[in-house]
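All remarks here apply to the structure that follows.
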Amino acid sequence: MAKTSTTTQGLRAAIERSGYYPALVAEAVEAAVGGEPVRSYLVHQETTFDQNEVRRHVTVLVLTGNRFIVSHTDEQAADNTSPTPYATTSTESVKLSRISSIVVSRVVANPESYTPGTLPREIVLTIGWGAVSRIDLEPAACGDPNCEADHGYTGNSTADDLSLRVSEAGDGPETVRQALTFAQALSEATADPTR
């Protein structure tokens, strides 16, 4: 899909609807996108509780013809480094050819009566491109309960660059729908053999 004013306006409107420092977030996203056509996007604003503080942050995912762009903005309370509250915005641009995995985990209620096309209750979108990996190790063991030998370690290595949870209860059905649409567009773009 080529860049249209509707797509660009939709991205800008979604950033503004999030209500989270829209001028700051939009400027960072627009700078990262540059002049490339926007094919799909997802804006996810989340509130978390950190001890006695309420903290908000927003993640914006953008798919262009050649890149996957991640923008993340966090707010921070005044601290030793700053006498006033501040926000930190970062963007990362990833070539589509570097994306190695896209995992969409869907949670549905009453699966025995599921009707195709029904929105999941929540989804978790995990995207890996090799920037961050997690290794989980544990001591290896054999089947003998009396064995005292050292069997080394066993474990898993997992690509864990981005994981985003969207739920109908917390984010609304439109955000779940938009997350599924974005995941499908990204999956189709990375499956393109010309990339």
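Order the peptides 96-103, 25-32 from the highest to the lowest mean number of other Cβ atoms within 10 Å of their residues. Numbers along the way, then the final one.
Working: 96-103: 15.2, 25-32: 18.1.
So the peptides 96-103, 25-32, ranked by packing, come out 25-32, 96-103.
What is the percent carbon and sulfur in the accessible area of the chain, measuring with a 1.4 Å probe over the protein chains and ignoring ligands?
Percent of accessible area from carbon and sulfur atoms in the chain: 49.
Taking the solvent-accessible surface of protein heavy atoms with a 1.4 Å probe, what is the per residue accessible area of the stretch 1-96 in Å²?
I get 54 Å² per residue for the stretch 1-96.
Check which residues have an amide H placed less than 5 Å from R121's amide H, if you skip close sequence neighbours.
Amide H neighbours of R121, under 5 Å, 5+ apart: V107, V108, A109.
How many nm separate the modelled label positions at C142 and Q51, each set 7 Å beyond the Cα in the direction of the Cβ?
A separation of 4.9 nm, rounded to one decimal place.
Multiply the residue separation of A169 and T7 by 0.36 nm, subtract the distance between their alpha-carbon atoms, and state the gained length in nm to one decimal.
Full-extension gain reported as 55.7 nm.
Along the Cα-to-Cβ line of V124, 7 Å from the Cα, sits a label point; which residues in the stretch 163-186 have backbone N less than 13 Å from it?
163-167
Suppose R0 equals 22 Å. What FRET efficiency, 1/(1 + (r/R0)^6) with r the Cβ-Cβ distance, do S97 and R177 give to the nearest 0.05? Spell out each step's value before the answer.
Working: r = 28 Å, r/R0 = 1.27.
In this case the efficiency is close to 0.20.
The values are calculated or read from the model by the stated rules, or taken from the named source; none is laboratory data. What you are looking at is a predicted structure, and each value in this text was computed from that prediction instead of being measured. Note that each Cβ is placed from the backbone with ideal geometry, even for glycine, and that neighbours are counted across all protein chains shown. Just so you know, the surface numbers come from the protein's heavy atoms only, side chains and all, with ligands and any DNA or RNA stripped out. Shrake-Rupley method; radii C 1.70, N 1.55, O 1.52, S 1.80 Å.
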